[in-house]
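Written below as structure tokens is the structure these notes are about.
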Amino acid sequence: MFLKPVFKITCLIFFVALCSVTQYTLAQGKAGVSVKTSVDRNRITLGEPFVLELQLQYPEKTGLTKIPVMPDSLQHFDILEEMKADSAINSGLIIITKRYRMTSFDSGHWAIPAFSVSAGKIISKSDTLGIDVMTVPLEGNSYNDIREIIEVDAEPFDWKRWVAIGITALVIILGLWYFLKNRKKPRPLPMEFDSKLSPLEQALQSLKKLREENAIEKGEAKRFYSGIYDTLRVYLLRQYKLPVMSSTTGDVLLKLKGDYLDTDELAGLASVLRIADAVKFAKYPSSSEEASASIDLVEKVIRNLNQQKN
């Protein structure tokens, strides 16, 4: 009879102690897991941005089952930017801070809802935050009415500006005309270039024609030496594909130096080509003997070049 009440009292004490330990453990868990929210301002005007800070704190060994996530949209609020999260560890606690740049275009008092985090059976929630969205203050006590249309006086004719434009256009037209008139026209290719004869045959035929025309005796030294020079140019272009039709005398001699002519032949050809330039540009009065020697030397050079090609 005595043991029965003692057993009941012992069970009651054990049950109370077990409840106290469980409540203490839950309290410790809740104290270690928390989520907090804050804003840098709780009163904004329409469209003015503000920053919402979300801070999550939990022990390293806590098994989180639910982490607060910002929804894609909040009623009455627009999310402008999601900033990069910051994380830190302090005394065994992991602290994650996330910031969002937000605004609102609805005037009134609106609340940002609470965020929750779960760790096992422990759920921790943040507080809701109230934001006052104010309209843009207007200056004065009343709106300004729509004004009547005001007639604008027509601007007087600006003859000075149009004269300047006309003179400028005239100068441009005259400059363009002068450029087109005096620009260097491309030198036409001699008709012999389209010949069906071989390069050597055509060159020899052209030189023979020059001899028969007796241009020197007729006082046409310029045409005679131009014919010699053109015959050589056409031959070099057709036979060796050398682009010499618009080259200067120095360029022509440089292309033929070494690989095509020896020193003596190159010196003789240089003398003939310089005489041709002098006749053309300096009105040099070449003699018949000099002209005959020049055409003979050019023919010899062409024949030697043709032997090298074959």
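The values are calculated or read from the model by the stated rules, or taken from the named source; none is laboratory data. Computed from a prediction, not measured in an experiment: that's the story for all the values here. Positions of Cβ are generated from backbone atoms using ideal geometry, with glycine treated the same way; all protein chains shown enter the neighbour counts. Quick note on the areas: whole protein, heavy atoms, side chains included, nothing else; ligands and nucleic acids left out. Shrake-Rupley method; radii C 1.70, N 1.55, O 1.52, S 1.80 Å.
Around ALA282, what is the net charge, scoring Lys/Arg as +1 and Asp/Glu as -1 over all other residues with Cβ under 12 Å from its Cβ? Don't jump to the answer; show the numbers that get you there.
Values: positive: LYS222, ARG274, LYS280, LYS283; negative: ASP277.
Summing Lys and Arg as +1 and Asp and Glu as -1 gives +3.
Please compute the alpha carbon radius of gyration of segment 218-290, then divide it by the globular-protein estimate 2.2 N^0.38 Å. Two decimals is fine.
Numbers: Rg = 12.6 Å, N = 73, 2.2 N^0.38 = 11.2 Å.
Working it through for segment 218-290, the quotient is 1.12.
Return one whole number: the accessible area per residue of segment 180-310 in Å², for a 1.4 Å probe.
Values: 7950 Å² over 131 residues.
In whole numbers, segment 180-310 has 61 Å² accessible per residue.
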*ARG43's amide H: which non-local residues (gap 5+, or another chain) put their own amide H closer than 5 Å, with H modeled 1.01 Å from N in plane and none for Pro or chain starts?*
ASP132
_Fraction in percent of alpha-carbon pairs per bin - 5 Å, segment 162-299_ = 2, 9, 16, 18, 17, 12, 6, 4, 4, 4, 4, 2, 1, 0
*With all protein chains present, calculate the accessible area of LEU180 using a 1.4 Å probe and round the result to the nearest 10 Å².*
90
*Find how many whole Å separate the alpha carbon centroid of segment 209-257 from the alpha carbon centroid of segment 33-50.*
91
_Through the Karplus equation 6.51 cos²θ - 1.76 cosθ + 1.60, θ set to phi - 60°, convert the phi angles of segment 263-279 into ³J(HN,Hα) values in whole Hz; use x for Gly and Pro._
5, 5, 5, 5, 5, x, 5, 4, 5, 5, 5, 6, 5, 4, 5, 5, 5
*Starting from the amide H of TYR284, placed 1.01 Å from N in the peptide plane, find each other amide H under 5 Å away whose residue is 5 or more places distant or on another chain.*
VAL279
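Quick one: which of 265-277, 96-108, 247-259 comes out on top by average Cβ neighbours within 10 Å, and what's the full order, highest first? Working shown, then result.
Working: 265-277: 17.7, 96-108: 16.1, 247-259: 14.0.
Packing proxy ranking, top to bottom: 265-277, 96-108, 247-259.
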